[in-house]
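Trainee: Dropping a structure here in structure tokens format, bear with me for questions.
Every number in this text was worked out from the coordinates using simple rules, so none of it is lab data. Bear in mind the structure is a predicted one, so any value in this text is a computation, not a measurement. With ideal geometry, Cβ positions are generated from the backbone for all residues, glycine too; neighbour counts draw on all protein chains shown.
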Amino acid sequence: MNNLVGVIGGLGPSATAYFMKLIIDLTKANCDQDNVDMLVCQYSSIPDRTSYILEKSTSNPAHKMIEAAKLLEREKCKFIVIPCNTASYFYDEIIKNVSTEVLNIAEVTSKRVLEKDPKKVGIMATDGTIISGVYDKYLNNLLFKPNQEIQNEIMSIIYDDVKRNQTPSKERFSKIINYFKENNCDYIITGCTELSVALIELNINEDFIIDSLTVLAKETILKAGKQLK
């Protein structure tokens, strides 16, 4: 059976590299062959998703994502993953153009959240993810979205720090986490893969935080027929 996993990467590049490392770190393996076979299409040239959603750019990222998906389909990948939350906005357009299954990071993360039966869930994500409502579709009235001041801080960490290959301030990140706690959230979703990178760089590991990239990595491992540690 072909268990080759196709990855549409480059959204952003650091998040894709971290996703690959997560796959390796979370797989139960006694030798090389116990690991997941992956074909990674690192399309860093895909236009910015948030800029397009907010109508600050006319370059539709879906075109290159579809191009990457077709490339992975030609290579007979069993399924495709996209380690980017904002890309979920373009999910329906992508799956119309390929017959290969494409995992939706927002959907698999939301399912994980719902298993915990929360009453209130905070969301840390790009403006594009927040405004497009890719998580509202699954979590609806459970979602607690930050005020504009905190949202600006989150966007700054994503674009001014991680996307520029800089490590954000742990104090700044912790302040945002505390904001959600103070607003009685049961959990926080890190709904941007750049924030997943920040978590590992800052060594933040709390049960309170549900990291979308980690959820996607675990789902990928199992779907590829491998075992979790």
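Trainee: Compute the angle between helix 105-115 and the longest alpha-carbon principal axis of the chain, please, reported from 0 to 90 degrees and rounded to the nearest 10.
Mentor: Around 60 degrees separate the two axes.
Trainee: With axes computed from alpha carbons, what is the tilt in degrees of helix 13-26 against the longest principal axis of the chain, rounded to the nearest 10 within 0 to 90?
Mentor: Relative to the chain, helix 13-26 is tipped by roughly 70 degrees.
Trainee: Take the Cα of GLU206, step 7 Å along the line toward its Cβ, and report every residue of the range 145-179 whose backbone nitrogen sits under 12 Å from that point.
Mentor: Zone members listed by number: 171-179.
Trainee: Can you give the helix-only mean residue ellipticity at 222 nm for the chain, where every DSSP H stretch with n ≥ 4 adds -39500 (n - 2.57) and the sum goes over all residues, rounded to the nearest 500 deg cm²/dmol?
Mentor: On the way: 11 runs with 101 residues, N = 229.
One gets -12500 deg cm²/dmol as the mean residue ellipticity at 222 nm.
Trainee: Past the 27 Å Cα-Cα mark, which pairs from LYS78/LYS111; LYS96/LYS163; LYS145/LYS223; LYS28/LYS120; LYS111/LYS223; LYS78/LYS116?
Mentor: Distance filter (> 27 Å) returns LYS96/LYS163; LYS145/LYS223; LYS28/LYS120; LYS78/LYS116.
Trainee: Note down the magnitude of the dipole of the range 106-212 about its Cα centre, charges +1 on Lys and Arg C-beta and -1 on Asp and Glu C-beta and zero elsewhere, to the nearest 20 debye.
Mentor: Numbers: 13 positive and 17 negative charges, 30 e Å.
Using Cβ point charges on Lys, Arg, Asp and Glu, the range 106-212 gives about 140 debye.
Trainee: Next question, about the same structure. Might you report the magnitude of the Cβ-based charge dipole of the range 162-229 about its Cα centre, with Lys and Arg at +1 and Asp and Glu at -1, to the nearest 20 debye?
Mentor: 280 debye
Trainee: Amide H to amide H under 5 Å from PHE144: which residues, 5+ apart in sequence or cross-chain, H placed 1.01 Å off N in plane?
Mentor: For PHE144, whose amide H was placed from the backbone, the distant partners under 5 Å are VAL121, GLY122, ILE123.
Trainee: So what are the ³J(HN,Hα) numbers for the range 59-74, from phi and the Karplus equation (6.51, -1.76, 1.60; θ = phi - 60°), rounded to whole Hz, Gly and Pro as x?
Mentor: Whole-Hz 3J(HN,Hα) from phi for the range 59-74: 7, 6, x, 4, 4, 6, 5, 5, 4, 5, 4, 5, 4, 5, 5, 4.
Trainee: For the chain, what is the percent of antiparallel DSSP beta bridges, rounded to the nearest 5?
Mentor: For the chain, the DSSP antiparallel bridge percentage is about 5.
Trainee: Multiplying the sequence separation of GLN148 and ASP32 by 0.36 nm and subtracting their Cα-Cα distance, what value in nm do you get?
Mentor: Gain on stretching GLN148 to ASP32: 37.1 nm.
Trainee: Relative to the first principal axis of the alpha-carbon coordinates of the chain, what is the inclination of helix 170-182, with its axis defined by its Cα atoms, in degrees from 0 to 90 and to the nearest 10?
Mentor: Helix 170-182 sits at roughly 70 degrees to that axis.
Trainee: While we're here: Sort 62-70, 152-160 for me by packing, meaning the mean count of neighbouring Cβ atoms within 10 Å per residue, highest on top.
Mentor: Details: 62-70: 19.6, 152-160: 17.4.
For the peptides 62-70, 152-160, the packing ranking is 62-70, 152-160.
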